[in-house]
Structures are given as C-alpha cells and as structure tokens.
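Since every read-out is calculated from the coordinates, none of them should be taken as a lab result. What you are looking at is a predicted structure, and each value in this text was computed from that prediction instead of being measured. Heads up, the Cβs are rebuilt from the backbone with ideal geometry, glycines too, and the neighbour counts pull from every protein chain shown.
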Amino acid sequence: MRSIHTISGRCNPSPGALELAPNERFGAARWSTTLLIAIPLWIAMYLLFNTLLHVTWPPSLLGDACPQLRSMLAGLI
C-alpha cells in the first residue's frame with residue numbers, strides 16, 4: 001500500500017531530506033539585500049508622509065520610556 005504523504009511511497013524520508021540550509025528555509029535573501037531595500041523604502045515613506053502630506057508619526061513606546069533618547073534623536077522615536 002502506498003502512502004499518500006510521499007511521492008516515492010516510503011513512509012519515512014531519508015534522514016537529510018527535510019533539513020534545509022538557513023538561506024533556503026525562508027528564501028535566499030541576504031541581510032545586505034534586505035537592508036538595501038528596507039532603508040530607502042523607510043526614508044521614502046518618512047519623506048512622503050511627514051514632509052509632503054504632513055502626517056506625523058505616532059509617538060513610540062520606546063520614546064515614552066526614554067524621553068532623553070527621544071530628545072537626543074530630535075523626535076525620531
């Protein structure tokens with residue numbers, strides 16, 4: 001009788017069949033690529049909403065917990 005869970009008909013796959021390399025588990029994106037996309041996108045959103053549309057960012061919990069940090073970063077957090 002063949003198992004419906006595997007193509008080969010075996011119930012137990014070979015020991016290394018389910019192990020994936022760290023980059024293959026969630027995609028092949030590197031941190032450098034991710035940051036090269038995320039940072040300019042964040043800057044563009046900040047400029048669009050804060051500068052052009054005048055929609056301010058809501059205050060953050062980190063800024064509420066550390067008011068000195070908020071004043072040092074000129075209100076960014």
Percent of all alpha-carbon pairs of the range 28-72 at distances over 18 Å, whole number, is 54 percent
At what distance in nm do the modelled label points of Leu73 and Phe49 sit from each other, each positioned 7 Å from its Cα along Cα→Cβ? 1.5 nm
